[in-house]
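Have a look at the structure below, then the notes.
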Amino acid sequence: MRPRWAWELDDVDGRALDRPISPVFTTQFDAEQWIGEQWRTLAEQGVHSARLLHDGHQVTPTLVLRIP
């Protein structure tokens, strides 16, 4: 089984959102590249923060998405 990386996207109160959904990635690099490309769009859709999960376990600090 390949490793699975995905972003859990949260609202301003820290609750997990069911939309939008993060794709599932096979590498951490691909997951981080995706968030780097999509963070502005996600923030505009109401995502306040994102947490990178590896097989269901958080592996990075929470990333707050703020549009300057």
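Please list VAL47, VAL12 from largest to smallest accessible area, probe radius 1.4 Å, with all protein chains kept in place. Mind dumping the intermediate values first?
Working: VAL47 5, VAL12 105 Å².
From most exposed to least exposed: VAL12, VAL47.
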Next item on the list: Over the chain, average the accessible area per residue using a 1.4 Å probe and give it in Å², no decimals.
Entry: 68 Å²
Item checked: Exposure rank, largest accessible area first [ILE35, ILE67, ILE21; 1.4 Å] -> ILE21, ILE67, ILE35
Note to self: What figure, in Å² to the nearest 10, do you get for the accessible area of ASP55 with a 1.4 Å probe and non-protein molecules left out?
What the structure shows: 80 Å²
Check: What angle do you read, to the nearest 10 degrees and between 0 and 90, between the alpha-carbon axis of helix 28-44 and the longest principal axis of the chain?
Finding: 20 degrees
Next item on the list: Take the solvent-accessible surface of the protein heavy atoms, probe 1.4 Å, and return the percent of it on the chain that carbon and sulfur atoms account for.
Entry: 51 percent
Margin query: Once ligands and nucleic acids are excluded and a 1.4 Å probe is used, how much of GLU44 is accessible, expressed in Å² to the nearest 10?
Written below: 140 Å²
Next item on the list: For n ≥ 4 DSSP H runs only, could you compute -39500 (n - 2.57) per run for the chain, divide by its residues and tell me the 222 nm figure to the nearest 500?
Entry: -8500 deg cm²/dmol
Next item on the list: Show ARG2, ARG40 ordered by accessible area, largest first, where the area counts protein heavy atoms only and the probe is 1.4 Å.
Entry: ARG2, ARG40
Checklist line | Relative contact order computed over the chain (Cα-Cα under 8 Å; 6+ residues apart), in percent | finding: 36 percent
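The values are calculated or read from the model by the stated rules, or taken from the named source; none is laboratory data. Predicted, not measured: the structure shown is a model, and the values here were computed from it. For accessibility, only protein heavy atoms count, side chains too; no ligands or nucleic acids. Shrake-Rupley method; radii C 1.70, N 1.55, O 1.52, S 1.80 Å.
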